[in-house]
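Chemist: Got a structure for you, written out below as structure tokens; questions coming shortly.
Here, each number is a calculation from the coordinates, and none is a lab measurement. Predicted, not measured: the structure shown is a model, and the values here were computed from it. Here Cβ is always computed from backbone atoms with ideal geometry, including for glycine, and neighbour counts include all displayed protein chains.
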Amino acid sequence: MSAVGSAENPLRVAIVGSGPAGFYTVSNFLKHKDLHVEMDMFDRLPTPFGLVRAGVAPDHQKDKSVMRAYDKSAASPNFRFYGNVEYGSDITMADLQEHYHQIMFTTGAPFDRDLDIPGEDLTGSHSATEFVAWYNGHPDFASRSFDLSQENVAIVGIGNVAMDVARILCKTYDELAETDMADYALEALKRSKVKNVYLLGRRGPAQAAFTPPEIKEMGELVDADVTVRSDEAKLDAASLEAMEAEADKNVEKNVAYINEYSERELTGKSRLLTIRFLVSPTEVIGRDGQVCAIRMVKNEAYQSEDGAVRARATDVFEDLPVGLLFRSVGYRGVALPEIPFHESWGTILNDQGRVQNSDGSQVTGLYTAGWIKRGPSGVIGTNKTCAQETVNCMVEDLGKGTHLNPEHTDPQAMETLLQTRKPNYLSWTDWKTLDEIEHSKGEAAGRPRVKFTSVREMLAATGKG
Ligand SMILES: Cc1cc2nc3c(=O)[nH]c(=O)nc-3n(C[C@H](O)[C@H](O)[C@H](O)COP(=O)(O)OP(=O)(O)OC[C@H]3O[C@@H](n4cnc5c(N)ncnc54)[C@H](O)[C@@H]3O)c2cc1C
């Protein structure tokens, strides 16, 4: 038998998860011109692209343009897409091991971390993930509802996802109507009574996790003023010292925007975005089971032994009246069946993308990339180098003969299995049909696309219903 990876005996790779890490796996493999590789990509959703479709904000279409590069990878004759096929229910580890030499898991980290404070489960308290997935038309979240009749809303966290949520709540209907936001979300936001949006940060402006373009945008909203309390904009001695030593341009820009916002006059726009620093929620207060306020403790900044500026609680508390709360304090991945998992990190156990057992030994043929490999950090492009590192390991292992020995190497075999197991899977051609419908509806409405938001409708539109 010829070597695996030759024209006579191509390397067969399964990729579970069609977000950026999945697609950068494909493009990285395609760079190995001497290697004959066939790649089958699976996603539990009928549509590809993971958080690029269902996470990236609808008013940030430029960030979604990476889909064009992913399209190019998908055009390779050695690529197949199986949408609406979930690892762990529709296909199992045994199925994959019987059909592929190597298996890559790129399933992302889709859940928010909890605040772990009393009252977090009250009605009106949500994870930012739910809201983001809802306005982006993720079919699992399309039936959620959020009480937008509330005037005061708090978002715990000041990373870029928190910024997205705040911006969407502060934008006008006309601004949102130009996006590919789900139709039902657009209608609900049209009726929104939200007036005050608070972003709550644990540390000071110099430690904020947002990036300069995101904080700059907050000062350019059509019908929302932005403000920061001057005492919270002022940097403490530890932050000033750290800023001087590190000379990080992004931090300097962030601090400059915050200073400017603290000095800005309010102009009477219909919404007000208030960015708070050095506050930590300690309790969500409820009335009749519904959020009515958030209790916060004031923090002070200090320099810890490792040199980092951290926050510690004082004895000063404040109650902020809000009727709706979103938590956005980080993401975590979930364990997948039959794959070693690090519960507290929320990642697959791995070394440079090679899946490991808890004793550190390599699990032959299993690999990982993206957020489920390294945790929820970085931007879309970070997944490119992350996938590259893993693909390099896969190619190296192939060279050493370390791979699975599947029973079925005919590319048709997986299709045959799915025809009995999950006959209504969607191919790449099916996805392109949906894509075209979404685009043409969008064109008619002056929007980038009008999204399908229900699996049933997607199946019906592709004749798989
Ligand atoms: C709200 C939000 C907004 C963001 N905005 C930006 C931005 O504007 N710009 C930017 O650069 N970065 C942004 N990011 C970061 C960026 O989205 C991530 O870096 C990137 O999506 C991570 O890629 P991934 O492939 O690891 O995971 P994901 O994109 O989450 O993809 C994982 C895929 O795996 C699938 N899957 C999960 N479980 C299974 C299973 N059991 N079987 C089959 N399929 C499965 C999922 O359906 C999904 O399609 C944002 C992140 C979030 C959360």
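Chemist: Could you tell me how far the Cα centroid of the range 1-66 sits from the Cα centroid of the range 70-96, in Å?
Modeler: 9 Å
Chemist: In deg cm²/dmol and to the nearest 500, what is the mean residue ellipticity at 222 nm of the chain if only DSSP H runs of at least 4 residues count, each as -39500 (n - 2.57), divided by the residue total?
Modeler: -9500 deg cm²/dmol
Chemist: Just to confirm the number: angle between the C-alpha axis of helix 249-263 and the first principal axis of the chain, 0 to 90 degrees, nearest 10?
Modeler: 30 degrees
Chemist: Let me ask you something else. Using the Kirkwood radius over C-alpha pairs as Rh, can you work out the diffusion coefficient of the range 113-330 via Stokes-Einstein at 25 °C, viscosity 0.890 mPa s, in µm² per second?
Modeler: Calculated translational D: 138 µm²/s.
Chemist: Another one. Over every pair of different alpha-carbon atoms in the range 73-162, take the mean of 1/r and invert it; report that Kirkwood radius in Å.
Modeler: 17.1 Å
Chemist: What fraction of the Cα pairs in the range 395-455, stated in percent, has a spacing above 14 angstrom?
Modeler: Percent of Cα pairs beyond 14 Å in the range 395-455: 73.
Chemist: Share of Cα-Cα pairs in the chain beyond 32 Å, in percent?
Modeler: Percentage above 32 Å: 45.
Chemist: Can I ask one more? Could you compute the FRET efficiency for Leu240 and Ser377, with r as their C-beta to C-beta distance and R0 at 25 Å, rounded to 0.05?
Modeler: 0.40
Chemist: Still on this structure, please answer the following. With a 10 Å Cβ neighbour count serving as the proxy for reagent exposure, in which order, fewest first, do Tyr135, Tyr82 appear?
Modeler: In order of increasing Cβ crowding within 10 Å: Tyr82, Tyr135.
Chemist: Tilt of helix 160-170 relative to the longest C-alpha principal axis of the chain, in degrees (0 to 90, nearest 10)?
Modeler: The helix 160-170 is inclined about 60 degrees to the chain.
Chemist: Helix 412-421 against the longest principal axis of the chain: what's the angle in degrees, Cα atoms only, rounded to the nearest 10?
Modeler: Approximately 60 degrees, to the nearest ten.
Chemist: So if I restrict to the alpha-carbon atoms in the range 314-465, what is the Rg, and what is Dmax, the biggest pairwise distance, in Å?
Modeler: 21.8, 67
Chemist: Mind checking the dipole of the chain: about its Cα centre, +1 per Lys or Arg Cβ, -1 per Asp or Glu Cβ, Debye to the nearest 20?
Modeler: Once rounded to the nearest 20, the dipole reads 700 debye.
Chemist: Still on this structure: To make sure I understand the rule: partners must be lysines, Cα under 30 Å from the Cα of Lys249, and not fewer than 8 residues away in the same chain. Which ones qualify?
Modeler: Once the sequence-local lysines are set aside, what remains near Lys249 is Lys62, Lys64, Lys171, Lys216, Lys234, Lys298, Lys373, Lys384.
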